[in-house]
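Enquirer: One structure, as structure tokens, below. Some questions next.
The values are calculated or read from the model by the stated rules, or taken from the named source; none is laboratory data. What you are looking at is a predicted structure, and each value in this text was computed from that prediction instead of being measured. Reconstructed Cβ throughout: ideal geometry from the backbone, glycine too, with neighbour counts over all protein chains shown.
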Amino acid sequence: MSLVSNAQNVAFTTRWPSDKIVGVWEGSFNRATDVTTVTGDFGSIYVYRIAHGLTRPVATDLLWKATAGWTDGGCTDNFGDISISYSDSTYIYVVSSAFAPAVGTMTYKVIGSWIPDYDNTNPLVSSYVSSNKTKVFDTSINYQKVYLQNALSYTSPSTQSVTHSLGYRPNFRVFYEAFNGQVWPCYSGGTANPFLYDSSMVECIASVTTTSLSVELLSVTGTKRAWYKVYLDA
Amino acid sequence: MSDLRLDQVDFTTMFEAPQNYLTGTASLVISGNVTDGSTKNFSTTIPYTRSGTRADVYLDGNNTKVLANSGPDNTSLVYTFVSSETIDVLVQYSTTDITILASIFNGTGAPITLTTQTITVSAVLYDAPIGSL
């Protein structure tokens, strides 16, 4: 078997990079008393801030639980609650609620991953190994290989396409600047977006076909960026 | 504890790479009638075996693939509309499986018959460095 042409079937290859988890933050907060209000011209969102200790934003994946079970960031739970996480150069923000304060306790798990070449600072980062799982590499399982990654720059609302030519619809991730210096996971809903609290806030639409990745940023003013990864696996 | 400049590093044991121990697929088979002002739910599950699992969940339809948790403008790309109904997707974890629930809300002012379609769900499951769910 050629390892090059079957790289998605091996645990790891130096031919393509892997993602790096630079931190995990788990905890809970009081949704009435521990949150900060962020207000725009559409309304307010209520966020819980976590200092991440790094010098630039990280890509965040959120699992959260309020009244119902553990739910993915960006999804509504069975009781109509919804949460998402984003970051800037100082904090990770977990959205407790949007447009109305909430009560009770929210429990969260945030996984922070490195954004390669976010800027030209290339800072030193302290090694991170979670106390939950101390084995960082296991050849018996797979690691998604980053087939393509880069930053896209937008100066107006528009769609950019990245050709991948893999012949199948690959896994992918997109993070983007909803505001300058603030990195959100791909999310868009227009009037159905519960996090859209300001008219200058950018939304993101991203999808793949068998030949390309499409990344659209809406409501762009100034310069906004998006960071994408196309994985070798489908 | 050592430090490392990560921008030019392909792989390092100083940081965990997301450990994809399992992949799963399922289908959301959508059909039927929805009265005005009501919601019809379609769900499927993908089982997992390791505590502390987190998944990237994708939806595939209309020859397009999107992330399931990326909001209605994205999930609408894989759904074939019959009118101006809306689709909301929930991804929720129990201790043994992931539930993917698509809720179709009919606010069109009249009953609708949904376009019969199958949205393929795929998940990349990670043995994430988090505590048990």
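Enquirer: Just to be sure I understand, how many residues within segment A:22-37 are under 17 Å from the mean Cα position of the chain (by Cα), under 20 Å from residue A:107 (Cα atoms) and not acidic (Asp, Glu)? Let's see the steps before the verdict.
Expert: Let us first name the residues in segment A:22-37 that are under 17 Å from the mean Cα position of the chain (by Cα), namely A:22-26.
With the extra rule that they be under 20 Å from residue A:107 (Cα atoms), the set shrinks to A:23-26.
From what is left, the residues that are not acidic (Asp, Glu) are A:23-25.
Total satisfying the criteria: 3.
Enquirer: Out of curiosity, is residue A:143 over 30 Å from residue A:101 (Cβ atoms), buried (at least 19 other Cβ atoms within 10 Å of the Cβ) and under 17 Å from the mean Cα position of the chain (by Cα)? Lay out the reasoning, then the answer.
Expert: Numbers: over 30 Å from residue A:101 (Cβ atoms): yes; buried (at least 19 other Cβ atoms within 10 Å of the Cβ): yes; under 17 Å from the mean Cα position of the chain (by Cα): no.
Criteria not met by residue A:143.
Enquirer: When you look at residue B:122, is it of a type outside the set (Val, Ile, Thr), at the interface with chain A (Cβ under 10 Å from one of its Cβ atoms) and surrounded by 15 or more Cβ atoms within 10 Å (Cβ to Cβ), yes or no?
Expert: Values: of a type outside the set (Val, Ile, Thr): yes; at the interface with chain A (Cβ under 10 Å from one of its Cβ atoms): yes; surrounded by 15 or more Cβ atoms within 10 Å (Cβ to Cβ): yes.
When the stated conditions are applied, residue B:122 passes them.
Enquirer: Which one is nearest to the other protein chains (Cβ to nearest Cβ) among residues in segment A:113-125 that are in contact (Cβ under 8 Å) with a residue 60 or more places away in the chain, more than 12 Å from residue B:18 (Cβ to Cβ) and not β-branched (Val, Ile, Thr)? Talk me through it step by step, then tell me what you get.
Expert: Filtering segment A:113-125 for residues in contact (Cβ under 8 Å) with a residue 60 or more places away in the chain gives A:113-116, A:118-119, A:121, A:123, A:125.
Retained after the next criterion (residues that are more than 12 Å from residue B:18 (Cβ to Cβ)): A:115-116, A:118-119, A:121, A:123, A:125.
Filter again for not β-branched (Val, Ile, Thr), leaving A:116, A:118-119, A:123.
Details: A:116: 5, A:118: 8, A:119: 9, A:123: 7 Å.
Only one residue fits best here, namely A:116.
Enquirer: Turning to a different aspect of this structure: Counting only residues that are within 13 Å of residue A:107 (Cβ to Cβ) and small (Gly, Ala, Ser), which one in segment A:38-72 is modelled with the highest pLDDT?
Expert: Checked segment A:38-72; the qualifying residue modelled with the highest pLDDT is A:66.
Enquirer: Only one of A:101, A:116 is closer than 24 Å to residue A:13 by Cβ and assigned to a loop (DSSP other than H, G, I, E, B); which?
Expert: Details: A:101 fails: closer than 24 Å to residue A:13 by Cβ.
Matching residue, one of A:101, A:116: A:116.
Enquirer: Regarding segment B:70-83, can at least one residue be identified that is surrounded by fewer than 19 Cβ atoms within 10 Å (Cβ to Cβ) and modelled with pLDDT under 95?
Expert: Within segment B:70-83, none of the residues are surrounded by fewer than 19 Cβ atoms within 10 Å (Cβ to Cβ) and modelled with pLDDT under 95.
Enquirer: Another one. Pick from B:43, B:51, B:38, B:103: which is more than 26 Å from residue A:208 (Cα to Cα), surrounded by fewer than 21 Cβ atoms within 10 Å (Cβ to Cβ) and within 12 Å of another protein chain (Cβ to nearest Cβ)? Explain how you work it out, then say what you get.
Expert: On the way: B:43 fails: more than 26 Å from residue A:208 (Cα to Cα); B:38 fails: within 12 Å of another protein chain (Cβ to nearest Cβ); B:103 fails: more than 26 Å from residue A:208 (Cα to Cα).
It is B:51.
Each row is one residue, and each column tells you yes or no for (1) within 11 Å of chain B (Cβ to nearest Cβ); (2) in a strand (DSSP E or B).
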residue: A:130; (1), (2): yes, no
residue: A:135; (1), (2): yes, no
residue: A:138; (1), (2): yes, no
residue: A:152; (1), (2): no, yes
residue: A:166; (1), (2): no, no
residue: A:183; (1), (2): no, yes
residue: A:196; (1), (2): yes, no
residue: A:200; (1), (2): no, no
